[in-house]
Amino acid sequence: MSAAAPTQRDFATPEALAAAFAGWTAERLDAAIAARGVALLVVSGGTTPRRYFRALAAQPIDWARVAVTLADERRVADDSPRSNAKLVRETLLAGRAAAARFAPLADARLDEQRELAAAGARVAALPFPADVVTLGMGADGHTASWFPGAEGLAATIDPAAPALVAAIRAPGAAEPRLTLTGRAILSARALALHIEGEAKRVTLARALAEGPIEEMPIRAALRGAADRLTIFYAA
């Protein structure tokens, strides 16, 4: 467990946050490309990152050297409005960022076991450890698809998990999901938690307090990767 505290950056508006967060991400991807020729970016879905994705897509990065994958995904069709891959394709992989290599997680045409195996193979081919992992946080303290009460949660969030991808079923998830494990997420060179609004500020305060990780799984990142984690918050 990291003994450090996460860095927090506060912004007056979501627009100011998106611009700064995009620049912060670009700096780290550029540095990774300079150091090892490639960069790996892991992003989260939901409604919060739309502005950030559009701002990031405009950054003058050598996108052809960037691989992108998802922290988690719902097991839905590619054209579903609940698909994180659809969101990424429409808002991030546009313009100059369209040159990036995208590795989605879900393929709803397959049965669950074959889908999990295929996702695991795609993710294993990526240049880990990730250079940047961006996370969100639900009102229940979940991040990625690490939900309180999920089947196999402890094994999934374990930094030494044997696999990079796990299947998840949880009371708080409307559909079965695929998620990156603690091994994939917590090993990142830099992590960011992107939250907006007073309700999320209150949830963050609860997550930073004492309590079991399984009760609020975002604590796995807040504690286990605190020295590499920056919180981006807008009121």
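The values are calculated or read from the model by the stated rules, or taken from the named source; none is laboratory data. The shown structure was predicted, so the numbers you read here are calculated from the model rather than taken from an experiment. Heads up, the Cβs are rebuilt from the backbone with ideal geometry, glycines too, and the neighbour counts pull from every protein chain shown.
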- Does segment 39-49 contain any residue that is in contact with a helix residue (DSSP H, G or I) (Cβ under 7 Å, 6 or more places away or on another chain), within 28 Å of SER83 (Cβ to Cβ) and part of a helix (DSSP H, G or I)? no
- Message: Looking at segment 27-42, can you tell me whether even one residue there is under 16 Å from the mean Cα position of the chain (by Cα), closer than 18 Å to ARG228 by Cα and of a type in the set (Lys, Arg)?
- Response: yes
- First in segment 182-205 and outside any loop (DSSP other than H, G, I, E, B), second anywhere and at pLDDT below 95 and among the basic types (Lys, Arg), Cβ under 6 Å, 6 or more apart: none
- Message: Out of ALA174, ALA150, ALA163, I need the residue that is in contact with a strand residue (DSSP E or B) (Cβ under 8 Å, 6 or more places away or on another chain) and surrounded by 15 or more Cβ atoms within 10 Å (Cβ to Cβ). Which one?
- Response: ALA150
- Query: If you scan segment 13-32, which residues turn out to be of a type in the set (Ser, Thr, Tyr) and either assigned to a helix (DSSP H, G or I) or at pLDDT below 95 (or both)?
  - Reply: THR25
- Out of all the residues in segment 26-38, is one or more in contact (Cβ under 8 Å) with a residue 12 or more places away in the chain, β-branched (Val, Ile, Thr) and in contact with a strand residue (DSSP E or B) (Cβ under 9 Å, 6 or more places away or on another chain)? yes
- Query: Being surrounded by fewer than 23 Cβ atoms within 10 Å (Cβ to Cβ) and more than 28 Å from PHE11 (Cβ to Cβ), is that true of even one residue in segment 218-233?
  - Reply: no
- Query: PHE102 is checked against (1) in a helix (DSSP H, G or I); (2) within 27 Å of GLY37 (Cβ to Cβ); (3) not acidic (Asp, Glu) and fails just one. What number does that condition carry?
  - Reply: (1)
